[in-house]
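Below is one structure, written out as structure tokens, with a few remarks after it.
Each reported figure results from applying straightforward, stated rules to the coordinates on display, with no laboratory input. What you see is a predicted model; the values in this text were computed from it and never measured. Note: ideal-geometry Cβ built from the backbone for every residue, glycine included; neighbour counts use all protein chains shown.
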Amino acid sequence: MSSPSTFASPEHTGHAPAPIKRDYREPGPLVIEIENVTKLYKMGEEIVHALLGVSIRVHRNEYLAVMGPSGSGKSTLMNMLGCLDTPTSGKYHFTGKDVSGMSDDELADIRNREIGFVFQTFNLLPRSSSLQNVELPLVYAGLPPAQRREKAIQTLRDVGLGERMSHKPNELSGGQRQRVAIARALVNNPSIILADEPTGNLDSKTGEEIMQLLEVLYEKGNTIIVVTHEEDIARHARRIVRLRDGLIESDTRQH
Ligand code: ADP
Ligand code: MG
């Protein structure tokens, strides 16, 4: 983010061309590649077609919103992208690895190392402090306690909660709880942050503050996918994928 890209070769340094003004970013490496993914749920005799053949590619440092009406398949797609579930058919590569046929243990390993989740309901451990909640992914990753603590403290500072390390969730506001959850999602340096309706339980001012924080994380180089049904939330993203009845209706860039 800091160094502007330049095409000047050494012999041209004496009369360097004016910098090219870019209103788009060079795509980074591919993080997600899904092709023709379907998901069927069996409900007794009935089969629900939640996804009917969806293809998406997401590169590092993209900021994507997934939109669509209730029941269109947003959460199903999110679960798939987050390696919480596998497709019924189709291809899913995550950072180049084929995850479509992985075992539950292998999927859990990818999730722990590569994916940061943010949920509408925060999903924090109620009896644990902010610091303990943020340290948890590092416990699973097997990091020694001193390093764990140091990383968790730094990440909580990064989300503006340096003064709330020992507070438990019920001693925090909704916005602060979501910041703890975002710190927990970030602490492992994941390849991608997946947020399913991250502002759904917040008032609009607090929700906007959370979206500003995601904006900062994006500017720092993180890759972010936000699921939302609110246009005000989606307008923060640089790309919007709209689902309808288990299919992609549109996939457009903005800004
Ligand atoms: P959205 O998040 O866009 O509201 P979902 O992905 O939750 O949509 O659901 C898509 C469709 O799949 C809906 O018809 C829903 O009822 C169905 N569905 C989702 N999860 C399950 C499940 N675990 N079992 C059966 N049907 C499901
Ligand atoms: Mg949903």
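Among the residues making up segment 31-83, a single one is more than 16 Å from ligand 1 (Cβ to nearest atom), closer than 18 Å to Leu107 by Cα and charged (D, E, K, R): Glu33.
Within segment 165-186, residues that are more than 15 Å from Ser204 (Cα to Cα) reach partners that are outside any loop (DSSP other than H, G, I, E, B) and among the acidic types (Asp, Glu) with beta carbons closer than 9 Å, at six or more positions or on different chains, in the pairs Arg179/Glu209; Ala183/Asp158; Arg184/Glu135; Leu186/Asp158.
Within segment 73-132, the set of residues being under 27 Å from Val159 (Cα atoms), among the polar types (S, T, N, Q) and within 16 Å of ligand 2 (Cβ to nearest atom) comprises Ser75, Asn79, Gln120, Thr121, Asn123. If I ask for residues that are loosely packed, with under 15 Cβ neighbours inside 10 Å and part of a strand (DSSP E or B), which ones from segment 54-71 would you list? Those that are loosely packed, with under 15 Cβ neighbours inside 10 Å and part of a strand (DSSP E or B): Ser55, Arg57. Exactly one residue out of Ser129, Ser100 is farther than 18 Å from Leu186 by Cβ and surrounded by fewer than 22 Cβ atoms within 10 Å (Cβ to Cβ): that is Ser100.
For segment 208-255, the candidate set comprises residues that are within 16 Å of ligand 1 (Cβ to nearest atom) and part of a loop (DSSP other than H, G, I, E, B); within that set, the residue that is farthest from Glu35 (Cα to Cα) is Glu230. Residue count for segment 72-99 satisfying the condition of being assigned to a loop (DSSP other than H, G, I, E, B) and within 13 Å of Val54 (Cβ to Cβ): 4. Let me confirm something: among Leu194, Leu202, Leu156, which residue is surrounded by 18 or more Cβ atoms within 10 Å (Cβ to Cβ) and part of a loop (DSSP other than H, G, I, E, B)? On inspection, the qualifying residue turns out to be Leu202.
For segment 227-235, indicate whether the set of residues that are more than 16 Å from ligand 2 (Cβ to nearest atom) and either among the hydrophobic types (A, V, I, L, M, F, W, C) or buried (at least 19 other Cβ atoms within 10 Å of the Cβ) (or both) is non-empty. Steps first, answer last, please.
Initial filter on segment 227-235 (more than 16 Å from ligand 2 (Cβ to nearest atom)): 231-232, 235.
Filter once more, so that each one left must be either among the hydrophobic types (A, V, I, L, M, F, W, C) or buried (at least 19 other Cβ atoms within 10 Å of the Cβ) (or both): none.
So far as segment 227-235 goes, no, none of its residues is more than 16 Å from ligand 2 (Cβ to nearest atom) and either among the hydrophobic types (A, V, I, L, M, F, W, C) or buried (at least 19 other Cβ atoms within 10 Å of the Cβ) (or both).
Pairing each residue of segment 141-161 that is of a type in the set (Gly, Ala, Ser) with any residue that is part of a loop (DSSP other than H, G, I, E, B) and buried (at least 18 other Cβ atoms within 10 Å of the Cβ), provided the two are 6+ apart or on different chains, yields C-beta distances under 8 Å for Ala141/Asn188; Ala152/Val187.
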